[in-house]
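Taking it in order: structure first as structure tokens, then the write-up.
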Amino acid sequence: MEKTEICLGIESTAHTFGVSLVTGRGEILSDERSVYKPPPGRGIHPRESAQHHAQQAAPTLKEAFRKAGVKPSQIDAVAFSQGPGLGPCLRTGATVARALALYLKVPLVPVHHAIGHIELAALKTGAVDPLVVLVSGGHTSIVAFSAGRWRVFGETEDITLGNLLDAFAREAGLPSPGGPMVERLAGEGKRFVELPLTVKGNDVSYSGLLTYTVKLLREGVHRLEDLCFSLQEVAFSALAEAAERALAFLEKKELLLAGGVAANRTLQKKLRIVAREHGARFLVVPREYSGDCGAQIAWTGILAYRCGVQVSVERSQVKPRWRLDSVPIPWRR
Ligand code: ATP
């Protein structure tokens with residue numbers, strides 16, 4: 001078989017320290033993850049998560065090489081999440097990536113974490129030119145590619161969808177991550193509780209919804225299952241409405257759901273209906289690659305490396321607040 005590049009990708013934006021080895025043909029040779037879990041009722045503490053990453057870096061790297069059956073000398077590039085994310089966590093991953101790139105004398109490739117979610121989702125689903133609904137703990141964006149960049153056609157005006165579900169779950173004393181727990185309880189919900197839905201043009205807003213649902217939770221009048229069910233219904237309907245507007249306007253033929261919250265089946269169902277009504281193919285990233293992982297960084301690293309994107313160690317500072325529509329994408333036409 002023809003020789004191809006191998007990129008090592010390091011993910012460390014928040015809760016996950018991930019290492020993956022991916023080839024230029026898009027084969028994921030290994031994808032190792034170690035996840036920091038805060039105690040129930042608490043959110044991620046950036047310093048504690050960074051300490052977790054520092055402790056787990058060596059064993060995770062070792063396992064990724066072992067599973068891939070690849071030697072460090074076979075690596076062509078080292079890619080890392082340069083941002084956005086939690087500063088201490090990003091810096092830990094970047095330090096590991098710099099050390100490896102220097103030692104192996106290979107290019108250091110900076111990757112935008114959210115673009116990593118999109119590119120891995122596109123690789124895994126075969127999406128070519130989709131409208132993307134990206135939903136995670138750090139992002140709630142409706143984006144499409146145009147004139148060299150992923151352009152934002154809609155987004156949250158305050159907290160993200162992942163944040164909404166996690167913060168509500170924390171209030172309810174559920175373990176982290178909250179999204180899957182809310183989904184499970186929502187399945188046992190029987191009664192819809194009226195909650196405020198806010199869509200402003202193509203944007204959504206979730207902070208009022210969170211405040212109101214937490215207030216109802218504290219009052220203790222409704223079953224938790226009913227609140228979870230209603231919270232999902234309202235939050236996902238708002239997003240579906242915004243996505244539908246963007247789809248109708250852009251007339252894209254693919255609707256791609258990506259990011260950690262993409263694993264949610266109720267959300268998938270709502271967006272599948274939107275896609276069908278507009279004659280678009282509905283695509284969703286496979287569950288095992290929906291959350292943060294090294295593969296999203298390694299694969300996007302390959303695409304960027306092929307276009308000559310790299311950064312010197314001196315200029316490789318992390319970017320905790322990096323917007324995805326500010327990143328040039330030379331590998332897409
Ligand atoms: P980003 O990727 O933007 O930096 P992140 O690090 O939080 O954010 P992910 O790992 O992609 O990102 O997503 C985690 C989020 O996905 C959490 O908010 C989690 O609760 C949510 N999530 C995971 N599974 C589900 C599910 N089945 N239903 C709803 N939410 C889910």
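The values are calculated or read from the model by the stated rules, or taken from the named source; none is laboratory data. This one's a predicted model, so the numbers in the text were calculated from it and none came from an experiment. We place every Cβ from the backbone using ideal geometry, glycine too, and count neighbours over all the protein chains shown. For the accessible areas, the whole protein counts, side chains as well, though only heavy atoms, and no ligand, DNA or RNA atoms are used. Shrake-Rupley method; radii C 1.70, N 1.55, O 1.52, S 1.80 Å.
Quick notes
- Flag for residue 274 being in a helix (DSSP H, G or I), of a type in the set (A, V, I, L, M) and away from the ligand (no atom under 15 Å from the Cβ): yes
- Among the residues of the range 122-150, the one identified as closer than 17 Å to residue 204 by Cα and open to solvent by 50 Å² or more (accessible area, probe 1.4 Å) is 138.
Yes/no matrix, rows are residues, columns are (1) assigned by TED's automatic domain parsing to the domain that holds residue 309; (2) in contact with a helix residue (DSSP H, G or I) (Cβ under 6 Å, 6 or more places away or on another chain); (3) at positive phi:
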site: 23; (1), (2), (3): yes, no, no
site: 32; (1), (2), (3): yes, yes, no
site: 35; (1), (2), (3): yes, no, no
site: 44; (1), (2), (3): yes, no, no
site: 48; (1), (2), (3): yes, no, no
site: 53; (1), (2), (3): yes, yes, no
site: 69; (1), (2), (3): yes, no, yes
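- Selection status of residue 254, acidic (Asp, Glu), closer than 25 Å to residue 158 by Cβ and in contact with a strand residue (DSSP E or B) (Cβ under 9 Å, 6 or more places away or on another chain): no
- In the range 277-331, the residue that is surrounded by the fewest Cβ atoms within 10 Å (Cβ to Cβ) out of those that are of a type in the set (A, V, I, L, M), within 15 Å of the ligand (Cβ to nearest atom) and part of a helix (DSSP H, G or I) is 324.
- When we screen 6, 10 for residues that are of a type in the set (A, V, I, L, M) and either within 16 Å of the ligand (Cβ to nearest atom) or under 21 Å from the mean Cα position of the chain (by Cα) (or both), the only hit is 10.
- Considering 154, 187, the condition of being farther than 21 Å from residue 243 by Cβ and more than 15 Å from the chain's Cα centre (by Cα) is satisfied by 187 alone.
- Looking across the range 192-221, just one residue is more than 30 Å from residue 249 (Cα to Cα), open to solvent by less than 50 Å² (accessible area, probe 1.4 Å) and assigned to a loop (DSSP other than H, G, I, E, B), and that is 193.
- Count of the range 94-112 residues which are of a type outside the set (Gly, Ala, Ser) and open to solvent by less than 10 Å² (accessible area, probe 1.4 Å): 4
- Looking across the range 107-141, the residues that are farther than 19 Å from residue 9 by Cα and within 14 Å of the ligand (Cβ to nearest atom) come down to 132, 133, 134, 135, 136, 137, 138, 139, 140, 141.
- Complete set of residues in the range 27-42 that are over 16 Å from residue 16 (Cα atoms) and surrounded by fewer than 16 Cβ atoms within 10 Å (Cβ to Cβ): 27, 40, 41, 42
- Look at the range 163-182: where a residue is basic (Lys, Arg) and a partner is within 9 Å of the ligand (Cβ to nearest atom), sitting 6+ places away or on another chain with Cβ atoms under 9 Å, you get 170/176; 170/178.
- Any hit, the range 154-170, residues being touching a Gly at 6+ places or on another chain (Cβ under 9 Å), within 11 Å of the ligand (Cβ to nearest atom) and open to solvent by 50 Å² or more (accessible area, probe 1.4 Å): yes
- For the range 77-93, the condition of being without any contact (Cβ under 8 Å) to a residue 24 or more places away in the chain, of a type in the set (A, V, I, L, M, F, W, C) and crowded, with 19+ Cβ neighbours inside 10 Å holds for none of the residues.
- The set of residues in the range 222-251 that are open to solvent by 30 Å² or more (accessible area, probe 1.4 Å) and touching a residue at least 60 places away in the same chain (Cβ under 8 Å) comprises 245, 249, 250.
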